[in-house]
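Just below is one structure, and these are the notes that go with it.
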Amino acid sequence: MGEKSRILFERAKNLIPGGVNSPVRAGKAVGIDPPFIDRAEGCFLWDVEGNRYIDYVCSWGPMILGHTPSVVVEALMAQVVRGTSYGAPTGLEVDMAQMITDMVPGIETVRMVNSGTEATMSAIRLARGFTGREKIIKFEGCYHGHADSLLVAAGSGVATLGIPGSPGVPADLARHTVTLSFNRMDEVSQAFEEFGPEIAAVIVEPIPGNMGVIIPDETFLKGLRDITLKNGSLLIFDEVISGFRVGPGGAQERYGIMPDITCLGKIIGGGLPVGAYGGRREIMANMAPEGNIYQAGTLSGNPLAMAAGMATLKALQDGNIYQDLEEKGDYLFSGLKKAAGGAGVEVTINRIGSMGSVFFTSEVVTDFATAKKSNGDMFRGFYGKMLEQGIYLAPSPFEAWFLSAAHGEESLQKTIECAAKAFDTL
Ligand SMILES: *Cc1c(COP(=O)(O)O)cnc(C)c1O
């Protein structure tokens, strides 16, 4: 890390807990102090020293068009002079709701919020209010933001830092959360046998991206749909990552399985802080002011955020963007696989479209238990060598690599070459 980043990190640590506003950014898991970023364009980031990186974090998913795409920049410029927040209804929100309901098959009506965490937290409240039940089922290694009920055996930074739950979450609340293994329908059936009439909802990342990318067994997702229907519980798809990432209608469209409630975030904001939850009309109608389950937000539906989000979604509706992302994903990850093989390093690569993960294990990775078999020391070694060569990856073995429409062939090829060198040193 350069001198300027080092000085900034020192100052940051004195002013911000751990020096960061979101834990994984600190790079603890890889033992590297983070470069401080100055600007971004296309698939590149520049740090404060002027070093350029090819970016596979993409702000943890949102930047599917790459950084500073002209359609988003123009939409923001046009809106910013018209006002940045009114706290009143706007046509932008109606257009955004129209676009989401058109694109995501399971959503009939939708409420905008300011983060993925707010979306999942609100969805859980809605499910509990609607069913009059308290228990929820989640899956180990799935991350649904940091709301109390969902911060149990979670993925992302919680997994990275090895935090089993979080101090500050009341045990009284955590006991309503039942945690099971992803892809294991037998565990789900058993939980329903035990607690069926108490279960408000099953919440799941239909394509997990927070324990590294996991490929869902389609019979598992179908099984969740069937068993929740049979027991009067709701099925919540947390598509904060997979929404608009694996196709215009997310995982639900890809697999043809309709959840009752869908949570969205990341891409939907086009790089601004946005989340949304939506679903079947009769369920959503229970939210205030139509119903009496409360949820609100001073900045919800913020005009700048709506402008950036809509410009992004509009770009995703046009043309062959998902086909292009699929081809780029295939090129990059098959190249990485070959590079690892050439260096005699055993890896398992899970990929869906433009998101994927490299696990340093020869085992098939289908859930958190198998993801954790990935060799942490090898990941750290790999990470350091990649960063040195200007390849910016998420500083955790339990995160996805994200591609954007702006990743060009030359950058992908360079990444594979750098990876070959990095694998060789392991
Ligand atoms: C990122 C993420 C969240 C939380 O979103 P924030 O905007 O960080 O609050 C929730 N669920 C999933 C699947 C995520 O990847």
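Contact map, region 1-16: residues that are more than 26 Å from residue 389 (Cα to Cα) paired with residues that are surrounded by 14 or more Cβ atoms within 10 Å (Cβ to Cβ), Cβ distance under 8 Å, separation 6+ or inter-chain. Pairs shown: 13/19.
Find the strands (runs of 3 or more DSSP E) located wholly in region 205-317 whose residues include 2 or more that are more than 30 Å from residue 69 (Cα to Cα) and within 16 Å of the ligand (Cβ to nearest atom), and list them. Show your work before the answer.
On the way: elements: 234-238, 261-264, 275-279.
Output list reads 234-238.
Going by what's in this entry, would residue 32 be described as surrounded by 18 or more Cβ atoms within 10 Å (Cβ to Cβ) and part of a loop (DSSP other than H, G, I, E, B)? Against the criterion (surrounded by 18 or more Cβ atoms within 10 Å (Cβ to Cβ) and part of a loop (DSSP other than H, G, I, E, B)), residue 32 does not qualify.
Among residues of region 83-101 that are outside the structural domain of residue 312 (by TED's automatic domain parsing), none has a beta-carbon under 8 Å from a residue that is in a loop (DSSP other than H, G, I, E, B) at least six positions away or on a different chain.
Check whether at least one residue in region 233-241 is surrounded by fewer than 21 Cβ atoms within 10 Å (Cβ to Cβ) and more than 30 Å from residue 193 (Cβ to Cβ), and report yes or no. Even if it seems obvious, please write down each step before you answer.
In the first step, residues of region 233-241 are kept if they are surrounded by fewer than 21 Cβ atoms within 10 Å (Cβ to Cβ); the result is none.
The answer is no, given that none of the residues of region 233-241 is surrounded by fewer than 21 Cβ atoms within 10 Å (Cβ to Cβ) and more than 30 Å from residue 193 (Cβ to Cβ).
Of the residues 20, 24, 30, which is within 16 Å of the ligand (Cβ to nearest atom) and modelled with pLDDT under 95?
It is 24.
Here the helices (runs of 4 or more DSSP H) wholly within region 77-183 that include at least 1 residues being at pLDDT 95 or above and surrounded by 17 or more Cβ atoms within 10 Å (Cβ to Cβ) are 91-103, 116-131. Of the helices (runs of 4 or more DSSP H) that lie entirely inside region 328-426, those containing 2 or more residues that are over 30 Å from residue 153 (Cβ atoms) and touching a Gly at 6+ places or on another chain (Cβ under 9 Å) span 409-424. With the condition kept exactly as written, say whether any residue in region 51-72 is under 30 Å from residue 288 (Cβ atoms), assigned to a helix (DSSP H, G or I) and among the small types (Gly, Ala, Ser). Among the residues of region 51-72, not one is under 30 Å from residue 288 (Cβ atoms), assigned to a helix (DSSP H, G or I) and among the small types (Gly, Ala, Ser), which makes the answer no.
Conditions tested, residue by residue: (1) farther than 23 Å from residue 26 by Cβ; (2) acidic (Asp, Glu); (3) touching a Ser or Thr at 6+ places or on another chain (Cβ under 6 Å).
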{"position": "318", "(1), (2), (3)": "yes, yes, no"}
{"position": "351", "(1), (2), (3)": "yes, no, no"}
{"position": "368", "(1), (2), (3)": "no, no, no"}
{"position": "381", "(1), (2), (3)": "no, no, no"}
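Every condition in (1) within 20 Å of the chain's Cα centre (by Cα); (2) within 18 Å of residue 344 (Cβ to Cβ); (3) surrounded by fewer than 19 Cβ atoms within 10 Å (Cβ to Cβ) is met by residue 369 except one, and the failing one is (2). The set of residues in region 1-29 that are hydroxyl-bearing (Ser, Thr, Tyr) and surrounded by 12 or more Cβ atoms within 10 Å (Cβ to Cβ) contains only 5. The residues in region 193-223 that are surrounded by 19 or more Cβ atoms within 10 Å (Cβ to Cβ) and closer than 20 Å to residue 127 by Cα can be counted, and the count is 9. For first residues located in region 115-130 and more than 12 Å from residue 238 (Cα to Cα) and in contact (Cβ under 8 Å) with a residue 12 or more places away in the chain, partners that are more than 7 Å from the ligand (Cβ to nearest atom) and in a helix (DSSP H, G or I) and lie 6+ apart or on another chain with Cβ distances below 7 Å form the pairs 126/283; 130/283.
The values are calculated or read from the model by the stated rules, or taken from the named source; none is laboratory data. Bear in mind that the values here come from a model prediction, so they are computed numbers and not experimental data. Cβ atoms come from the backbone with ideal geometry, glycine included; neighbour counts cover every protein chain shown.
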